[in-house]
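To start, the structure itself, in structure tokens.
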Number of protein chains: 2
Amino acid sequence: MTKIQKVAELAGVSTATVSRALAGKDSVSPATRVRVEAAAKELGYVVSAAASSLASGRTRNVGVVTPILTSWFYTTVLKGAQRALADSGYDLTLYLLDTNPGSDLPHASNPRRRQLFEDFLQRKRVDALLAISLELEQEELDHVRRLDKPVVGLGGPLPGVPTLSVDDRAIASLATDHLIALGHTQIAHIGGNPDFELDFHLPSNRRDGYEGALTAAGIPIQPLMVRSADFTIAGGYDATLQLLGDPRVHPTAVFAASDEMAIGAILAARDLGKSVPGDLSVIGIDGHELGGFFGLTTIDQHPEAQGRRAVDVLLAEIESGTAKPKPDNTYLPHDLVVRKSTSSPTPVSSD
Amino acid sequence: MTKIQKVAELAGVSTATVSRALAGKDSVSPATRVRVEAAAKELGYVVSAAASSLASGRTRNVGVVTPILTSWFYTTVLKGAQRALADSGYDLTLYLLDTNPGSDLPHASNPRRRQLFEDFLQRKRVDALLAISLELEQEELDHVRRLDKPVVGLGGPLPGVPTLSVDDRAIASLATDHLIALGHTQIAHIGGNPDFELDFHLPSNRRDGYEGALTAAGIPIQPLMVRSADFTIAGGYDATLQLLGDPRVHPTAVFAASDEMAIGAILAARDLGKSVPGDLSVIGIDGHELGGFFGLTTIDQHPEAQGRRAVDVLLAEIESGTAKPKPDNTYLPHDLVVRKSTSSPTPVSSD
DNA sequence: AGGACAAATGTAAACGCTTGCGTAGTTTCA
DNA sequence: TGAAACTACGCAAGCGTTTACATTTGTCCT
């Protein structure tokens, strides 16, 4: 391993200057900088991350905590974050915080979570933390605060931490309004399961948006029209099966709280011999890559861009060194993407 | 931040002893160990990763390089790797090595790859590297060798590096034999696209296994029965549409090289009004979580276990400090999972 | 009882960088 | 033209551990 000393000798300067030149600091003359860079390249010199971080207190490493990995939305956010970090020369350390299935312990007792908050994060291994859809308990929040490092939340409201998220109510309203505008009045909703391991605000906000839009349009809310599922294709499928099999309701459209559930709804409708959108219009949320394949109308929430944005905010905080930025929430953009899973309802003979 | 010095004082020992006690080394008396641990806990002491790694040369951090993130198989492997690492107190640094789309440059010229191999990896940020489905060019391989750190390949043959992988030929044979045993003779194959960004051995090995099984059973190989796609649902769908629309062939079964393509095949068959398995049997590879939902017969290759296994090997190498373990390949287990997408062919009137 | 050996602990030298402070040398300006 | 203000760079003190080596203490033989 070549060390900085060798580079300094070859370039004919002190190690201090090499360090400054390579770190891209000003106060190094252009000529010197060039010489140092040439020397470094010639010797194949790369700074030792450990030494650099010990001396500077910075690691060039950002921790990303996600509750789920095997879901398109999360991996896409992660992809955006990874790319943005790599572009800025940062490493991404991945922490997976899935609750052990079946366990109903408070989060703080989950050993994996304890390990993360009490051990890993405390070792100064990361400069900042990006928390995706994370709900933290008080104790965990305290641990995070103690780090005194930038923390940004994506998708979930974290008290005392700046967050980015889409406006779930607005998205749900937009989706519902789209169906209303097409002439639907019998609109069902497949919401996310609130006891899912994710942040519980999201399902309820989406439901609120749905109900708000109906009410605003003077359409009565029918509790039987609302089902919940676990955000997966299978979950959306089952919920739709139940919905369409219930003689008490006659939905002509379904608004699913995720694209995967919406896809499940499309498959269920087909399996029941109903056509989409002829017999049932379906709209989802996410902007899933399979949306085009299924002709799914959706609200794209640009997950990859969300990952990038979150990292941008995080890096800005790291650079600025601001200990306590305003803990407010910023809304991220979303877009209605109309495909062929939604249309006006076909008039039906009342039965 | 409490440092080791404080702990030493509180426990009434030297910093050396604290270090040894906390690292779990022997040659510390049980009584002392207990006292040190108590002191550390009381002060909330956690070692500084930077200092520790500078002094010891170890980072407790493993790099994982994957070519794809938004695919169930890869994220599941990653999940297995993450969990195994977390269980052993290691961090996982994620590197994403997707080629920029459209670019046909040699890998070594891809800026993201350069950055990874020439910069990130050289900084001693990781103790070891897990390369998933990675094909490296000579230059990149040299960089990796220069690290002189344990490297394990998963799923792709890396010259000079120990690898783990399933036996793709055997899997393909098993899948094909399953169809043959059911009585099929008109068996199509949807293989992975060889110019896909992944390792190209995989698609060709699977195709070899398919052809081998046919030949062994005395069934002629029909080139028109073989299509390739990009491993996705949409890809499998299109390939199947073509296959079933081609008047020159009459497949009664399809062996797809991935579960996602197999799911696409099922959807395509349905859209063409064919029943599965009545008109078309479908078998895939992977063990995808949606397999149950679609009733898909598949060869489960236990991706999460693959991730765990790979990490186990990696950690064993780190512990042993063996610089150069035998660069051989170990095959991982796979299992046929029979569901309802395969059955005996229904006799058809020859047309 | 004396020496040899092992067990437990202490001493202090790395580990390889960053950066505050200081110093020459160079401009700038009245 | 002399002081003030920069600019570019060197010096050396850390940063917080780990660990080779030395030391102490206790145990076991003969």
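Every number in this text was worked out from the coordinates using simple rules, so none of it is lab data. Being a predicted model, the structure only gives us computed values, none of them experimental. No Cβ is skipped: glycine too gets one built from the backbone with ideal geometry, and neighbour counts run over all protein chains shown.
Could you work out how far the C-alpha centroid of the stretch B:57-86 sits from that of the stretch B:122-148, in angstrom? What the calculation gives is 15 Å, centre to centre. Sparsely packed loop sites in the stretch B:269-312 (the trypsin sites (Lys or Arg not before Pro) outside DSSP H, G, I, E and B with at most 16 other Cβ atoms within 10 Å) comprise B:K274. Using the Kyte-Doolittle scale, find the helices of chain B whose mean hydropathy is at least -0.5 and whose Cα atoms extend 27 Å or more along the helix's long axis, counting only whole DSSP H runs. Taking the DSSP H segments of chain B (at least 27 Å long, mean hydropathy at least -0.5), we get none.
Taking 22 Å as the straight-line reach from the Cα of A:K79, the lysines in range (excluding those fewer than 8 positions away in the same chain) are B:K79.
Within the protein assembly as shown, antiparallel bridges make up roughly 10 percent of the DSSP beta bridges whose residues both belong there.
A Förster radius of 41 Å combined with the Cβ-Cβ distance from B:T15 to B:V338 puts the calculated FRET efficiency at roughly 0.10. Helical runs (DSSP H, four residues minimum) scored at -39500 (n - 2.57) apiece and divided by the length of chain A put the mean residue ellipticity at 222 nm at -12500 deg cm²/dmol.
Taking other C-beta atoms within 10 angstrom as a stand-in for reagent exposure, B:I221, A:I68 fall in the order B:I221, A:I68, fewest first. Sorted fewest first by neighbouring Cβ atoms within 10 angstrom, A:I263, B:I4 come out as B:I4, A:I263.
Where Lys and Arg each count +1 and Asp and Glu each count -1, what net charge lies around B:D312 among other residues with Cβ under 11 Å from its Cβ? Spelling it out: positives minus negatives among the neighbours equals -1. Extension gain, B:A316 to B:I219: 0.36 nm times the residue separation minus the Cα-Cα distance gives 30.4 nm. Could you tally the net charge around A:T298, taking each other residue with its Cβ under 10 Å from the Cβ of A:T298, Lys/Arg +1 and Asp/Glu -1? Local net charge: -3.
For chain B, a Gaussian network of Cα nodes joined below 10 Å ranks B:G235, B:G80, B:G24 by mean-square fluctuation, and the top entry is B:G24. Exposure proxy shown here: for B:H288, B:H189, A:H178, B:H250, the number of other Cβ atoms within 10 Å sets the order, fewest to most, as B:H250, A:H178, B:H288, B:H189. Here A:K326 is the anchor, and the lysines within straight C-alpha reach of less than 25 Å, apart from those fewer than 8 places off in the same chain, are A:K124, A:K149. Each copy carries a label point for A:Q138 at 7 Å from Cα along the beta-carbon vector; from one copy to the others these points are 6.5 nm apart, nearest first.
Which net charge results when you count Lys and Arg as +1 and Asp and Glu as -1 among the other residues whose beta-carbon is under 13 Å from that of A:E42? Once positives and negatives cancel, what remains is +1. Residues considered: A:G292, A:G12, A:G191. Largest GNM mean-square fluctuation over chain A, using C-alpha springs under 10 Å, is found at A:G12. Spatially, the stretch B:13-53 and the stretch A:202-253 are offset by 56 Å when compared through their Cα centroids. Name the residue, out of A:A310, A:A31, A:A269, whose mean-square fluctuation peaks in a Gaussian network model built on chain A with Cα pairs under 10 Å. Looking only at A:A310, A:A31, A:A269, the biggest GNM fluctuation is shown by A:A31.
Ignoring lysines fewer than eight residues from A:K340 along the same chain, the ones with Cα atoms less than 22 angstrom from its Cα are A:K274.
Starting from the label point of B:A55 at 7 Å along Cα→Cβ, the same points in the other copies fall at 1.9 nm, in ascending order. With an a/c value of 1.5 or above and a/b not larger than b/c for the gyration tensor axes a ≥ b ≥ c computed over the alpha-carbon atoms, the stretch A:52-103 is described as oblate.
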